[in-house]
Amino acid sequence: MSRIPPHPEHRVISPGVIFCFKQKGDATSTTVNPLQPYYLVYVQQDGTVRFTFVQPKQILEIYRLLCSGKGAAYEQLCRMFDAETRNGEEMSLYNKLLEAAVSSIARTFQKRAAAGLQSGRDFVIPNQTEQARETTDFELITWLVIKAP
């Protein structure tokens, strides 16, 4: 996990978290998620999902803007994060954001699967094990906390 300040020139970037998940199991179908089995989600600090997994370019661009050329963590933000979370003991805010991210994945996955059914005869419905539904379906790979100093 990394911590970084928002980018002052880009209003779309506000405090929150970018999560990178890997779906557990045999999730290989790319009909709903082209990055399968990986999912990127940007959740703002208030729990609003800013970008879902269907917008990986926007999320990766934000990541690039914030992190490119940075060789070390922002110590001030790390200290703030540690104080806010009591050195990781009080993670309720981040758990809430994580749950918002996974709920967004499940909703968006279902919407895209339903839209795929209407797109034509060649759409293949992902089988039950490939469908994203709950937090236990995912492994958290990394997360980037965007925090104002």
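Computed from the coordinates by the stated procedures, all read-outs in this text should not be read as laboratory data. All values derive from a computational prediction rather than experimental measurement. Counting neighbours? That spans all protein chains shown, and the Cβs are built from the backbone with ideal geometry, glycine included.
Brief remarks follow.
- Extension gain for Leu35 to Ala148 (0.36 nm times residue separation, less C-alpha to C-alpha distance): 37.7 nm.
- Shape call, the range 59-99: gyration tensor on alpha carbons, a/c limit 1.5: oblate
- Listed by chain and number, the lysines placed with their C-alpha closer than 17 angstrom to that of Lys70 are Lys147; residues fewer than eight positions away on the same chain are left out.
- Maximal additional length on extending the Lys57-Lys22 stretch stands at 10.9 nm, based on 0.36 nm per residue less the C-alpha distance.
- Each peptide in 53-59, 41-47, 82-88, 17-23 receives the mean, over its residues, of other Cβ atoms within 10 Å, and ordering these scores from highest gives 17-23, 41-47, 53-59, 82-88.
- A Förster radius of 25 Å combined with the Cβ-Cβ distance from Arg107 to Ile141 puts the calculated FRET efficiency at roughly 0.75.
- Shape call, the range 22-116: gyration tensor on alpha carbons, a/c limit 1.5: prolate
- Under 25 Å from the Cα of Lys111 - lysines, other chains or at least 8 residues apart: Lys22, Lys24, Lys57, Lys96
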